[in-house]
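The values are calculated or read from the model by the stated rules, or taken from the named source; none is laboratory data. Since the structure is predicted, the reported quantities are computational estimates derived from the model, not experimental observations. With ideal geometry, Cβ positions are generated from the backbone for all residues, glycine too; neighbour counts draw on all protein chains shown. The accessibility values were calculated without ligands, DNA or RNA, using every heavy atom of the protein model including side chains. Shrake-Rupley method; radii C 1.70, N 1.55, O 1.52, S 1.80 Å.
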Amino acid sequence: MLYNKTMAVQAKTETKTASSWWEEEATTQKRSSRKGSKPEKPQHKGLLVFGAVALCFLSLWGGYALRTKTTLFLEHRTLDGYLPAEEYVLYQIDDHEPVQKLRTFHYDDYYAFSYYNNYNLETSRGLKPGDSWDDFVDLYGDITCESINAVPVDEDGIPDYDLNQNISIYDPITIRQFHEQYVEPGIIDLSSWYINVDFRIQTDGIHLYYSYEELQDAYQEYNSPFRHILRTYPNHGVLYLSFDFTPNEAGPGTLYYLTSAYYGY
């Protein structure tokens, strides 16, 4: 009797153990099946990272270009006595076609020399490297410039800044006024002096500031606590047209270097 009871208990235990093992196996298979049904992770993760880095680089480059070279949003406005913004663009001599666009995403800088191979550019008024100071006065005499710097040159025609005889003018002055005050009286001798004349227009990316007074008014607006709430501007820059005259084989006061550029901040 004891034997039969014991055998019954053992059989029951073995049956329970086998059942538990079977259920455990089934559960393991279900778990494995669920894991297998999950979507696999992307295998091109490196390409995605590279693409994200490239996109960030392009965004940074685009932001830099927008701040430093974009003139696309400049207003259409001139001021009497000042060189219009449209005349900062240089032209081909042969067909007088512009080589630059004033309002563009990226303003290209151009330079022309009276030596080497850069004879092919001129201003909107037809002044080109190799022309004389008198030609310059005839074409731009009534225009107010940003600054004029003059210095004697040495025997090789190189500006000699050690002589401390520089004449620098940063107050508003027309080309004709400078000519009448310094060149005609002989204070500046075109046969032995270097002269640089700069025209500049300040801009906030939209508005053009031709004169010092206009720029001062703009600074007051920038200091307003409401400026950043009411408006934003893409960049702050300078439209730049420069003329360099020096005595050379072509004669005294010859235009040898012409520059048109845009500098952003």
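Using the basic label-point model (7 angstrom from Cα toward the beta carbon), what is the L139 to T78 distance in nanometres?
Calculated label separation equals 1.6 nm.
Take every Cα-Cα distance within the range 115-191, group them into 5 Å bins from 0 onward, and report for each bin the whole-number percent of pairs it holds.
Per 5 Å bin, starting at zero, the Cα-Cα P(r) for the range 115-191 comes out as 3, 13, 20, 22, 22, 15, 5, 0 percent.
Averaged over every viewing direction, what's the projected area of the C-alpha convex hull for the range 157-214? Give it in nm², one decimal, please. Before the final figure, lay out each step's value.
Working: hull surface 22.4 nm².
Taking the Cα atoms of the range 157-214, their convex hull projects to 5.6 nm² on average.
At a probe radius of 1.4 Å, what is the per-residue accessible area of D160, in Å² to the nearest 10?
It works out to around 40 Å².
Find out how many positive minus negative residues lie around P129, taking Lys and Arg as positive, Asp and Glu as negative, among other residues whose Cβ is under 12 Å from that of P129.
On the way: positive: K128; negative: E122, D131, D135, D244.
Every neighbour counted, the sum reads -3.
What do you get for Rg/Rh over the range 146-185 if you use C-alpha atoms and the Kirkwood form of Rh? Write down the numbers at each step before the final one.
Numbers: Rg = 11.5 Å, Rh = 11.2 Å.
Value, to two decimals: 1.02.
Please list, in chain and number order, the residues 5+ apart from S147 or on another chain whose amide H is under 5 Å from its amide H, with Hs placed from the backbone.
D198
Quick check: net charge around Q202, other residues with Cβ under 12 Å of its Cβ, Lys/Arg +1 and Asp/Glu -1? Numbers along the way, then the final one.
Values: positive: R200; negative: E146, D204, E213, E214, D217.
Residues near Q202 contribute -4 overall.
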